[in-house]
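No lab work stands behind these numbers, since they all come straight from the coordinates. Please read these numbers as outputs of a predicted model, since none were measured by experiment. With ideal geometry, Cβ positions are generated from the backbone for all residues, glycine too; neighbour counts draw on all protein chains shown.
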Amino acid sequence: MQDMLRRYGSSLTGAFVALVAFWLLVLVILPNLTLFEQSFRPYLPVVDVGGPKDTYSFNNYAKFLNNPVVWNLFGFEVTVPVHLKTFLSTVFFSGVVTFITFLLSYPLAYYLAKVVEPRSLPTLILLLFIPLWVSEALRAFAWYIILTFNGPLNAVLVGIGLLDKPVRWQNGVLTAYDAIVIGLVYTYVLFMLFPIYGSVQSLDRNQIEASEDLGAKWWQTHWRVILPHAKPGIASGCVMVFMLSAGSLLVPSVLPSTSSNWFTQTIQQWMLESQDWNTGAAYSFLYILLCTVVVALVMWLFKVKLSDIAK
Amino acid sequence: MHKTRNILFNVYMGAFLLYLFAPLAIMGGAAFNDNKLPSVYPWKGFTWRWFADLMNDQVMWTSFRNTILVALAVVVIAVPIGTAAAILINSITGRVRAVLYGVMVAPILMPGAVIGISTLLFWNQVSVPSGLHLSVLGQVSYIAAFVMLLVLARLQSFDPALEEAALDLGASHGQVLRRILLPHLTPALAAGGAIAFFQSIENFNVTLFTRGTSNTLTVYVFSKVRSGITPTINALALMLIVMTLVAATWYEIGRRRRARVEAAREAEGRRAAAAEEM
């Protein structure tokens, strides 16, 4: 701080501090405190706000546990509150998406970092970046077109004889969330690829060769040398993909099945359809808790720091 | 053994690129299908009709203008904030730095919907109605963090002694910033501006909750997809994809030319060195 004053003088330093204070206080901290405070207040008509009915309570959070429904889990029938079911499904399928994107990305990241000819690397990276510039809404929409009942996927699969009759992909073949998982994997796979590529790239090629010379099988080299080195990148990719998937509203809304429900859609219903901003705030706060738990869990599991993840 | 491995890898790379681009091609192709529903199958004949419809779609053009205006505003606010934050974090150490850094990067990890909702609630408390101005503020809250990270990375290669020298030679504080630090940061500032612009155009979650009744392109596309859609969206998508491809090709040609010049210069240098040794 002293150093800054000496270099830039009091007025410039003051301007820097003011900009940062505006950002962190007005744009980040105060809105989140408001969210927290509002989540404990009831949803009232404007005239009643501040009146005797406007008291703090956990009522908004209690709505999370209302409306039990029967949920068929791997053959067992359990009764859970409908919003808890949505919440758990969102967490579970976001995890599935994260896992699939990792499986797809790791070989490719290794290929880009260690196998491909360095000359063609910039062209490949540029090619991989192009889909990222196409809006998420449109990328989800592309899969909507592919998966529709009268769409090209069914036409091709029936045409080559793999299917006898067209399948309703959007309603799900394995689960009600098939189409959403397909859309999310497509939309976010590059957010897994690039961090892993970055961390594999920094590994010295000699270490891989040493491991091979010492007689390690290819999978041993990957398991014992490359994967441990790529850990920060993998952690970063997992956190990014999980957060983006769980927080996505576009993909689950564009590719829904009749019985799929994403937690962001529940929040959106409270906010924009019921206009009950207070319950919306309570649900948002639950979501922040989820994010904190996931980030903390990944940091603990992979033994990495926050500065390794957010790059 | 490495040969089969390389063939497998190349096949996988090709398949992955196909996986990335085929959906975009299918979506673009549907823009020419004379079918009320957007699809390439069944093919009912070639038409330019959807492009004509798109040109006449006033709501789409308003949304497009709004998107650009919001993105420009986000760049103008987020780049100075992110730069100031990077300079600040770079000049402090210890516990305060760790805490401040945590608060700064937290918005990147926060779901966009939550950012949108908290922004809406906070400004509603101080009687500011919702609208695109709130979308700008909500987007800045996390996009500034991207700029901060980029500028911070660039600051690592900065030599503070240059500033010392300038000060010793009688430069004012403003001159030190303008003539020494900012020129060094220019690549990071340009990259930060570009990322801020594209992040803002992409944004849906924050905008949806803060926009009031205005539309941006992503929100418009979303409402179209939900409420019966015509291939005008495909025409729009195809135009955006083509613009992206043109920009990418242009960049790639420039890069290759620079690489060639670089290689020629290196070869020249080697020849000169060899000549000197003789």
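Structure data summary
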| item | result |
| --- | --- |
| Chain A: DSSP helices with Cα axial extent of at least 30 Å and average Kyte-Doolittle hydropathy no lower than -0.5 | A:82-110, A:178-201, A:277-302 |
| Most fluctuating residue given options A:Ala216, A:Ala18, A:Ala282, as computed from a GNM of chain A linking Cα atoms under 10 Å | A:Ala18 |
| D (Stokes-Einstein, µm²/s), Kirkwood Cα radius, the stretch B:57-176, 0.890 mPa s at 25 °C | 146 µm²/s |
| Ranked B:Met55, A:Met243, B:Met13, criterion: other C-beta atoms within 10 Å, fewest first | B:Met55, B:Met13, A:Met243 |
| Rg over Rh, two decimals, the protein assembly as shown (C-alpha only, Kirkwood Rh) | 0.99 |
| Among A:Ser245, A:Ser135, A:Ser39: highest mean-square fluctuation, GNM of chain A, C-alpha pairs under 10 Å | A:Ser135 |
| At least 27 Å along the helix axis (C-alpha) and Kyte average at least 0.5, DSSP helices within chain B | B:2-29, B:58-90, B:132-155, B:182-202 |
| Of A:Lys217/A:Lys303; A:Lys217/A:Lys305; A:Lys114/B:Lys3, pairs whose Cα-Cα distance is over 21 Å | A:Lys217/A:Lys303; A:Lys217/A:Lys305 |
| Pair-distance profile P(r), taking every C-alpha pair of the stretch B:109-227, with 5 angstrom steps and integer % | 2, 11, 16, 15, 13, 11, 9, 9, 7, 5, 2, 1, 0, 0 |
| For the stretch A:182-231, convex hull of alpha carbons as volume per residue, Å³ | 75 Å³ |
| Under-5 Å amide H pairs with A:Val69, H placed in peptide plane, nonlocal only | A:Val80, A:Val82 |
| Per-selection Rg to Rh, chain A - Cα, Kirkwood hydrodynamic radius | 1.04 |
| Cα-based equivalent ellipsoid of chain B: semi-axis lengths in Å, sorted from largest, via gyration tensor | 41, 34, 18 |
| Separation of alpha-carbon centers, the stretch A:257-305 and the stretch A:106-175, rounded to whole Å | 27 Å |
| Likely footprinting exposure, B:Ser39, B:Ser130, A:Ser248, A:Ser259, fewest C-beta neighbours within 10 Å first | A:Ser259, B:Ser130, B:Ser39, A:Ser248 |
| Length-normalised contact order of chain B in % [C-alpha pairs under 8 Å, at least 6 apart] | 29 percent |
| Chain A - mean residue ellipticity at 222 nm from DSSP helices (-39,500 (n - 2.57) per run, n ≥ 4, rounded to 500) | -19000 deg cm²/dmol |
| Within a Gaussian network of chain B (alpha carbon springs, distance under 10 Å), most fluctuating of B:Arg258, B:Arg179, B:Arg154 | B:Arg258 |
| Compactness index (Cα Rg / 2.2 N^0.38 Å), the stretch A:20-167 | 1.69 |
| Simple Cβ-charge dipole of the stretch A:76-169, Lys/Arg +1 and Asp/Glu -1, about Cα centre, in debye nearest 20 | 80 debye |
